[in-house]
Amino acid sequence: MPDPQPRHGDVRIRVGSAGLNPVDCRIRDGDLRPISRLRLPIVAGCELAGTVDAVGPGPSRFAVGDRVYTRVDKRRLGAFAELACVQQELVAHMPASLDFAAAAGLPLAGLTALQALRDELAVGPGTRLFISGGAGGVGTLAVQLAKDFGAEVTTTASPRGAALVQRLGADCVIDYTQEDFSVVLRNFDAVLDLVGGAMLKDSFSILRPGGRVVSIAGVPEPRTAQEDLGAPPWITAAFGLMSFAIRRRARKAQASYRYLFMHPSGDDLRVLAALVDGGRLQPVVDSTYSFAMIAEAFAALEQGHAKGKIVVTFP
Ligand SMILES: NC(=O)c1ccc[n+]([C@@H]2O[C@H](COP(=O)([O-])OP(=O)(O)OC[C@H]3O[C@@H](n4cnc5c(N)ncnc54)[C@H](OP(=O)(O)O)[C@@H]3O)[C@@H](O)[C@H]2O)c1
């Protein structure tokens with residue numbers, strides 16, 4: 001491929017490391033075509049950390065040589081390459097205390113956790129919060145952020161992930177391979193669902209009246225289409241039908257249901273960088289592969305048991 005040229009307002013970044021995410025597999029498989037029509041061929045990859053290599057025309061808050069990280073534009077992608085051009089408003093200086101591998105795994109999962117907990121669930125001191133799937137890429141960050149916000153955090157993990165989520169601050173860990181959380185938990189204020197399926201359905205039974213469920217892995221609903229995607233009315237209607245049963249379950253439990261699609265944001269990446277450099281948030285890297293081994297890295301991701309993030313690094 002020819003080197004990409006930065007447009008007005010872009011920076012071009014020499015990629016040090018790029019993070020892998022389940023959404024990369026869904027994009028590769030064409031699952032997101034109804035909501036996201038990418039113009040092919042395209043360089044894939046959603047998040048990266050690296051060094052600013054060139055600055056496009058227009059005012060800039062970055063200079064050549066700055067160490068930055070970003071969750072790239074959803075319509076542009078481009079993290080799985082030596083060079084990536086990204087709009088500056090989606091970029092931030094990476095945490096000074098991290099190397100590229102640790103920083104590259106932070107943007108997508110970190111923004112997702114932050115936006116779900118802060119903006120959708122309004123988690124604060126004393127919130128009784130249940131997080132399903134605390135040991136993965138999003139979960140390891142969500143547990144730490146929720147604790148930092150003052151919540152009392154219960155999460156699920158298999159024996160492989162229990163010690164990790166405890167170390168990250170979870171107050172109570174349920175081994176989902178042995179115990180049904182919906183039988184033992186009651187009176188929660190909020191649920192952050194990272195698993196979907198039966199775990200999402202069962203979440204409503206542990207809430208107090210007025211409680212909230214936010215999922216990033218379940219069924220999209222009309223607000224997803226309107227607020228997160230700016231999608232046409234037929235998508236809103238389709239999401240309304242798809243989520244009918246789960247919204248009815250929410251109504252019966254006197255709870256609310258929201259499916260969130262995270263949004264890229266340089267401002268929120270600055271918030272995350274400050275938390276990391278302040279010693280309040282620690283990215284967890286499951287494994288690091290060379291870029292030449294990206295197929296193996298994807299195979300590992302698709303096993304579904306990563307503890308933290310899987311990243312690829314460039315020479
Ligand atoms: N909507 C959005 O904007 C958005 C953004 C980011 C991610 N997502 C979605 O959110 C989900 C999680 O993403 P991720 O990056 O965190 O994935 P991930 O890193 O691949 O998650 C793997 C982790 O999930 C745990 N897990 C799997 N099944 C579980 C279960 N039934 N109960 C408890 N834990 C379970 C595994 O633990 P064990 O090994 O112990 O089983 C593993 O540690 C994916 O579906 C992804 O597509 C959505």
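The values are calculated or read from the model by the stated rules, or taken from the named source; none is laboratory data. Just so it is clear, the structure is predicted and the values come from calculations on it, not from any experiment. In this analysis, Cβ positions are derived from the backbone assuming ideal geometry, glycine residues included, and neighbour counts consider all displayed protein chains. Please note that ligands, DNA and RNA were not included when accessible areas were found on the heavy atoms of the full protein model with its side chains. Shrake-Rupley method; radii C 1.70, N 1.55, O 1.52, S 1.80 Å.
If the condition is being farther than 30 Å from residue 221 by Cβ and either among the hydrophobic types (A, V, I, L, M, F, W, C) or within 16 Å of the ligand (Cβ to nearest atom) (or both), then the stretch 257-281 contributes 273, 274, 276. Across the stretch 187-219, what is the total count of residues that are within 15 Å of residue 250 (Cα to Cα), open to solvent by 20 Å² or more (accessible area, probe 1.4 Å), in a loop (DSSP other than H, G, I, E, B) and within 12 Å of the ligand (Cβ to nearest atom)? The total comes to 2.
Quick grid of which residues meet (1) among the polar types (S, T, N, Q); (2) open to solvent by 60 Å² or more (accessible area, probe 1.4 Å); (3) out of contact with any helix residue (DSSP H, G or I) (no Cβ under 6 Å at 6 or more places or on another chain); (4) more than 25 Å from residue 158 (Cα to Cα):
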| site | (1), (2), (3), (4) |
| --- | --- |
| 267 | no, yes, yes, yes |
| 270 | no, yes, yes, yes |
| 274 | no, yes, yes, yes |
| 277 | no, yes, yes, yes |
| 281 | no, no, no, no |
| 286 | no, yes, yes, no |
| 292 | no, yes, yes, yes |
| 297 | no, no, yes, no |
| 300 | no, no, yes, no |
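The set of residues in the stretch 165-186 being open to solvent by 20 Å² or more (accessible area, probe 1.4 Å), under 22 Å from residue 218 (Cβ atoms) and more than 12 Å from the ligand (Cβ to nearest atom) consists of 183, 184, 186. At least 3 residues being in contact (Cβ under 8 Å) with a residue 60 or more places away in the chain and either open to solvent by less than 20 Å² (accessible area, probe 1.4 Å) or over 20 Å from residue 230 (Cα atoms) (or both) is the threshold, and among the strands (runs of 3 or more DSSP E) wholly inside the stretch 30-96 those reaching it are 67-71, 83-87, 91-93.
For the stretch 120-128, the criterion of being out of contact with any strand residue (DSSP E or B) (no Cβ under 6 Å at 6 or more places or on another chain), assigned by TED's automatic domain parsing to the domain that holds residue 166 and open to solvent by less than 10 Å² (accessible area, probe 1.4 Å) is met by no residue.
Of all residues in the stretch 129-152, those satisfying the criterion of being assigned to a loop (DSSP other than H, G, I, E, B) and either open to solvent by 10 Å² or more (accessible area, probe 1.4 Å) or touching a helix residue (DSSP H, G or I) at 6+ places or on another chain (Cβ under 6 Å) (or both) are 133, 134, 135, 136, 149, 150.
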